[in-house]
Amino acid sequence: MAGTIAVSIPERRYEILDGLLIEAVASEAEGESAREAALRVARQHGVALGATERARVRPGRLGAERGLSLAAETLEEFGYEPDRSAPTVLRLRNCPFHSLAAQAPELVCGLNQAFLAGYLHGLGSDKTTAILAPRPGSCCVELRGDEAAGRIPENGTTCA
């Protein structure tokens, strides 16, 4: 039986984005734009992933530093290559959706931000947030502990 084998260095995870976009198209509600549907689905998938991780590790109440540590463990598995540049800053050195982000940065980076913000919310890490912080050669989202933490962005923000 023939199968597909894909190897990518650095790691790319286009199937995640593919799944989000397919589900968004299939579930688009009346009066909801395709972009709004995609952001909604990305948030929902992030929340589900975070809730699953929370149930697995049972971390109790999370401060910003512990929340970012747990996020780093999970995001490493998804190819983000997390880098703890400060106690309350988690930079993501790799974008798992790199070539698609290069083609449509506003959309892809917005979906990525919604997914990661949803993940933090589902994890219960209310002292952290996912923000757009584009840097050449890296993911345009980073996770930070700050006063705006705990909010899930409703709209993607332009990625420069």
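Data for the structure
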{"item": "Estimated Rh, segment 68-144: Kirkwood, alpha-carbon pairs, angstrom", "result": "12.2"}
{"item": "Accessible area (Å², per residue) of segment 44-90, counting only protein heavy atoms and a probe of 1.4 Å", "result": "53"}
{"item": "Cα-only Debye scattering, segment 11-112: base-10 log of I(q)/I(0) at q = 0.20 Å⁻¹", "result": "-1.11"}
{"item": "Difference of contour (0.36 nm per residue) and Cα-Cα distance, Asp83 to Glu106", "result": "5.9 nm"}
{"item": "Ranked by how many other beta carbons lie within 10 Å on average, peptides 40-46, 55-61, 100-106 from highest", "result": "40-46, 100-106, 55-61"}
{"item": "Cα-derived Rg over Rh, computed across segment 20-67 with Rh taken as Kirkwood radius", "result": "1.18"}
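The values are calculated or read from the model by the stated rules, or taken from the named source; none is laboratory data. These numbers were taken from a predicted model, which means no experiment stands behind them. Cβ coordinates were reconstructed from backbone atoms using ideal geometry, including for glycine residues, and neighbour counts include every protein chain displayed. SASA here: full protein model, heavy atoms, side chains in, ligands and nucleic acids out. Shrake-Rupley method; radii C 1.70, N 1.55, O 1.52, S 1.80 Å.
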